[in-house]
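Worksheet: the structure to be examined is printed underneath.
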């Protein structure tokens with residue numbers, strides 16, 4: 001069943017369905033990647049809904065997701081996924097390569113999700129010259145984390161349930 005959860009998560013992501021992605025997480029799930037550290041289905045779902053809305057605003061033709069190398073056991077899983085999209089006001093093309101690891105509960109809901117990607121590679125594409133020059137630095141990564149956290153907080157406040 002955990003394999004089905006991973007396939008459902010990324011199937012929803014491919015269709016930019018943030019609510020469908022949120023449904024794959026347990027209430028007290030945790031998520032972490034080089035930009036976000038989130039706790040609870042509401043925060044994690046909010047992040048996915050926000051990212052899906054941003055991708056939709058850029059145009060569905062600018063979005064592509066590829067899932068591969070899905071491996072699971074009853075309680076753990078991993079997958080590789082690649083996203084092609086446009087980022088930021090400049091609409092820079094990004095091709096992000098991500099390795100994901102999961103822990104599941106008895107209902108095959110995600111309780112822990114860790115995405116790993118090369119931040120410097122992402123920053124060079126998404127941020128242009130600043131990412132090229134400073135993408136290796138913890139200063140830029142912390143700045144991106146802070147800005148993304150603020151955007152998510154505003155999104156969650158605007159979309160209270």
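Values in this text are rule-based calculations from the coordinates and carry no lab data. Predicted model, so just to flag it, every value in this text is computed and none were measured. Counting neighbours? That spans all protein chains shown, and the Cβs are built from the backbone with ideal geometry, glycine included.
See the values below:
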item: With Cα atoms, 0 to 90° folded angle of helix 2-14 axis to the chain main axis; result: 40
item: Per-residue Cβ neighbour rank within 10 angstrom, fewest leading, 48, 63; result: 63, 48
item: Sorted by Cβ neighbour density within 10 Å, fewest at the top, the residues 158, 76; result: 158, 76
item: Nearest-ten-degree value, helix 138-158 long axis tilted from longest Cα axis of the chain; result: 60
item: Extension gain (nm, one decimal) between residue 14 and residue 133, 0.36 nm per residue minus Cα-Cα; result: 39.7 nm
item: Label-to-label distance, nm, for residues given as residue 92 and residue 155 (7 Å Cα→Cβ offset); result: 1.9
item: Read-out Cα extents along the principal axes in Å, derived from the coordinates shown; its label in (1) 46, 35, 32; (2) 43, 33, 22; (3) 49, 37, 25; result: (1)
item: Ordering of 5-17, 130-142 by packing [mean C-beta count within 10 Å, highest first]; result: 5-17, 130-142
